[in-house]
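A.B. asks: So that we are looking at the same thing, I have put the structure below in C-alpha cells.
The values are calculated or read from the model by the stated rules, or taken from the named source; none is laboratory data. Fair warning: this is a prediction, and the values are worked out from it, not measured in the lab. Cβ: placed from backbone, ideal geometry, glycine included. Neighbour counts: every protein chain shown. Protein only, heavy atoms only, side chains kept; ligands, DNA and RNA dropped before computing areas. Shrake-Rupley method; radii C 1.70, N 1.55, O 1.52, S 1.80 Å.
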Amino acid sequence: MLKKILICLAAIVVLGSLAIVILRQMHVADNFFGKLDVPLLGIEPSDTVAPHLSVLPMEIFLGEHPDYMKDVEVSDDSGHYQLDIDSSQVDLQRAGDYPVVYTATDSLGNQTRREVTLRVANRNSRVIYLTFDDGPSNNTGEVLRILREEGVRGTFFITAQMPGCFHYIAQAHQEGHAIAAHSYSHKFSIYRSFQTYFDDLDRIEQVIEKYTGSRSPIIRFPGGSSNMAYSHYSDINFMDSLCREVQYRGYQYVDWNLDSRDASGNNVPVQRLVSSACRDMGGEICLLMHDTDAKRSTVTALPTIIRFFKERGYEFGTLTSTGYICHHNTAGIRRLILKKRADKAEKAAKTAKTKAQAAHPGDSLKPSI
C-alpha cells in the first residue's frame with residue numbers, strides 16, 4: 001500500500017512539473033509560481049536565446065510627450081515575449097538627458113536589456129556647437145589657443161591621418177573639449193560593409209581611448225550621412241542601414257546644419273568663410289569646420305566666427321549626448337544617386353546609339369518593317 005502511495009506521489013510531482021513547464025511556455029506559470037530559474041526534475045529549457053531588441057535614442061522638446069515605441073524593434077524565436085519600459089527618471093518639464101531602459105523577456109525568462117537616451121530640449125535655446133573634422137593637425141594648437149582665449153569649447157572629430165599630432169588630442173581633452181570619432185583612415189572604402197566600417201571605427205576609438213581614457217559614443221561619418229561616395233562601394237540602401245546600426249550599437253552620429261564651406265577648397269578666403277558660418281539661425285546650431293594643414297584660413301576666421309555668436313547670445317556647447325539629433329536627409333541623397341545613375345545610363349545609351357549609327361550610316365536610311 002505504501003509503495004502505491006509513493007508511486008502516486010511521484011507521478012503527481014512529475015505531472016505537476018511538466019504542467020509548470022507547459023504553462024511557463026504559455027506565459028501562465030510565471031503569474032502563478034513566479035520566475036523559475038532552475039530546471040525542474042532535470043528538464044532543461046529548450047530556449048536559451050534572449051529576445052532581439054533594438055532601440056534608437058530620442059529627442060523631444062519641452063511640453064511634448066515621447067513615443068517610447070517609436071523605432072523599437074523586438075522579436076523572439078518563440079514568438080512570445082514581454083517588453084517593459086522604465087522611464088521613471090524622465091522629467092518632461094525640465095530640459096536634459098534622461099535614461100530610458102527597455103527590457104524584453106521571453107517565456108523562459110531570457111532577457112535583453114537596452115538603455116537609450118531621451119533628450120528633452122528647449123525650443124528657445126540658443127546653442128552653437130563648433131565642430132572640427134579631420135584633425136589633429138599642425139593647426140590644432142592654434143585652434144586650441146583661440147578657443148582658450150575666447151573662453152569657449154568645441155568638438156573635435158578626429159582621424160589618424162597625422163599621428164605626429166596625436167598629443168593635441170590629450171591637450172584638447174584636458175582643456176574641456178569633446179573628442180569624437182570621425183575615421184581612422186578617412187577612406188570612403190570603409191563603406192564596403194558593416195565589417196569594414198566598424199573595423200575602421202574601432203581603430204580610431206582605440207586612439208581616442210589612449211589619449212582621453214575612454215571611447216566616444218559620438219561619431220561623424222566621413223562625408224556625413226548624406227555622402228554620395230558610399231554608393232561606389234555598396235548598395236543604395238547601405239547608408240540608411242549603417243545609420244541605424246551605429247545607433248543600435250550605442251553610438252550617435254552627428255551631421256551639421258551649418259557649413260563654413262571650408263571644404264570647398266584649400267585656404268578658402270577668410271571673408272567667404274565668415275559669410276558662410278556667421279548665420280543667426282536660432283535654436284541649436286552645429287557648425288562644420290575642418291582642422292587640417294590646408295585649412296589655415298579657417299584658423300584665421302575662427303575668432304570672428306566665435307565673436308559673432310557671442311554677440312547674439314549663443315552658448316557654446318560640446319557634443320557628448322547621444323540624445324542630440326542632427327541628421328541629414330539620407331532619403332533625398334538616395335533619390336539623387338538614383339537619378340544620377342539613370343542620367344548616366346541614358347547618356348551611355350545615346351552615345352552607344354550615336355556610335356552605332358556612325359559605324360553603319362546606311363542602316364539609318366533603311367525603311368523600318
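A.B. asks: Tell me the residue from Ser241, Ser226 that is open to solvent by 20 Å² or more (accessible area, probe 1.4 Å), of a type in the set (S, T, N, Q) and assigned to a loop (DSSP other than H, G, I, E, B), please. Explain how you work it out, then say what you get.
C.D. replies: On the way: Ser241 fails: assigned to a loop (DSSP other than H, G, I, E, B).
Going through Ser241, Ser226 in turn, just one is open to solvent by 20 Å² or more (accessible area, probe 1.4 Å), of a type in the set (S, T, N, Q) and assigned to a loop (DSSP other than H, G, I, E, B): Ser226.
A.B. asks: Let me ask something else about it. Any residue in segment 112-131 that is assigned to a strand (DSSP E or B), open to solvent by less than 30 Å² (accessible area, probe 1.4 Å) and under 17 Å from Arg296 (Cα atoms)?
C.D. replies: yes
A.B. asks: Also, I was wondering about something else. For segment 292-301, does any single residue satisfy the condition of being more than 25 Å from Ile169 (Cβ to Cβ) and modelled with pLDDT of 95 or more? Steps first, answer last, please.
C.D. replies: Taking segment 292-301 as the starting set, the residues that turn out to be more than 25 Å from Ile169 (Cβ to Cβ) are none.
Looking for residues that are more than 25 Å from Ile169 (Cβ to Cβ) and modelled with pLDDT of 95 or more, one finds none in segment 292-301, hence no.
A.B. asks: Against the conditions (1) open to solvent by less than 50 Å² (accessible area, probe 1.4 Å); (2) of a type outside the set (A, V, I, L, M); (3) under 23 Å from Lys310 (Cβ atoms), where does Asn257 fall short? Just the number, please.
C.D. replies: Condition (1) is where Asn257 drops out.
A quick yes/no check of all residues on (1) among the small types (Gly, Ala, Ser); (2) free of Cβ contacts under 8 Å to residues at least 60 places away in the same chain; (3) open to solvent by 10 Å² or more (accessible area, probe 1.4 Å); (4) on the phi < 0 side of the Ramachandran plot:
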position	(1), (2), (3), (4)
Ala180	yes, no, no, yes
Ser189	yes, yes, yes, yes
Tyr197	no, yes, no, yes
Asp202	no, yes, yes, yes
Glu205	no, yes, no, yes
Glu209	no, yes, yes, yes
Ile219	no, no, no, yes
Tyr230	no, yes, no, yes
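A.B. asks: Right, next: Checking the structure you have, find out if any residue of segment 263-273 is touching a Ser or Thr at 6+ places or on another chain (Cβ under 6 Å), open to solvent by less than 50 Å² (accessible area, probe 1.4 Å) and either within 17 Å of Phe157 (Cα to Cα) or of a type in the set (Asp, Glu) (or both).
C.D. replies: no
A.B. asks: Take residues that are open to solvent by 50 Å² or more (accessible area, probe 1.4 Å) and tell me which of the strands (runs of 3 or more DSSP E) falling wholly in segment 43-84 contain 2 or more.
C.D. replies: Details: elements: 52-55, 58-61, 72-75.
Counting at least 2 such residues, we get 58-61, 72-75.
A.B. asks: Might you check whether a residue that is under 22 Å from Leu242 (Cα atoms) and open to solvent by less than 20 Å² (accessible area, probe 1.4 Å) occurs anywhere in segment 165-174? Give the steps one after another, and end with the answer.
C.D. replies: Taking segment 165-174 first, the residues under 22 Å from Leu242 (Cα atoms) are none.
The answer is no, given that none of the residues of segment 165-174 is under 22 Å from Leu242 (Cα atoms) and open to solvent by less than 20 Å² (accessible area, probe 1.4 Å).
A.B. asks: Being within 30 Å of Val72 (Cα to Cα) and free of Cβ contacts under 8 Å to residues at least 60 places away in the same chain is the filter here, so list the residues in segment 118-153 that pass it.
C.D. replies: Asn124
A.B. asks: Quick one: count up the residues across segment 137-155 that are open to solvent by less than 10 Å² (accessible area, probe 1.4 Å) and touching a His at 6+ places or on another chain (Cβ under 6 Å).
C.D. replies: Count: 1.
A.B. asks: Another question, then. Taking the condition of being open to solvent by 50 Å² or more (accessible area, probe 1.4 Å) and under 19 Å from Leu273 (Cα atoms), how many residues in segment 298-321 meet it?
C.D. replies: Residues in segment 298-321 being open to solvent by 50 Å² or more (accessible area, probe 1.4 Å) and under 19 Å from Leu273 (Cα atoms): 6 in total.
A.B. asks: Given the conditions (1) under 30 Å from Ala50 (Cβ atoms); (2) in contact (Cβ under 8 Å) with a residue 12 or more places away in the chain; (3) part of a loop (DSSP other than H, G, I, E, B), report the number of the one that Leu92 does not fulfil.
C.D. replies: Here Leu92 clears every test but (1).
A.B. asks: Can you confirm whether Tyr168 is assigned to a helix (DSSP H, G or I) and closer than 25 Å to Asn266 by Cβ?
C.D. replies: On the way: assigned to a helix (DSSP H, G or I): yes; closer than 25 Å to Asn266 by Cβ: yes.
Yes: the conditions hold for Tyr168.
A.B. asks: Looking at Leu36 and the list (1) surrounded by 14 or more Cβ atoms within 10 Å (Cβ to Cβ); (2) modelled with pLDDT of 95 or more; (3) part of a loop (DSSP other than H, G, I, E, B), which single condition is not satisfied?
C.D. replies: Unmet condition: (2).
A.B. asks: Give the number of residues within segment 221-262 that are within 14 Å of Phe188 (Cα to Cα), among the hydroxyl-bearing types (Ser, Thr, Tyr) and within 18 Å of the chain's Cα centre (by Cα). Before you say what the answer is, go through the steps one by one.
C.D. replies: Going through segment 221-262, the residues within 14 Å of Phe188 (Cα to Cα) turn out to be 221-235, 238-239, 242.
Pick out the ones that are also among the hydroxyl-bearing types (Ser, Thr, Tyr) and you get 225-226, 230-231, 233-234.
Next, from what is left, pick out any that are within 18 Å of the chain's Cα centre (by Cα): 225-226, 230.
Residues that pass the stated criteria total 3.
A.B. asks: Let me ask something additional. Output the residues belonging to segment 85-94 that are polar (S, T, N, Q) and loosely packed, with under 12 Cβ neighbours inside 10 Å. Full working, then the answer.
C.D. replies: Residues of segment 85-94 that are polar (S, T, N, Q), as a first pass: 87-89, 93.
Those that are polar (S, T, N, Q) and loosely packed, with under 12 Cβ neighbours inside 10 Å: Ser88, Gln89, Gln93.
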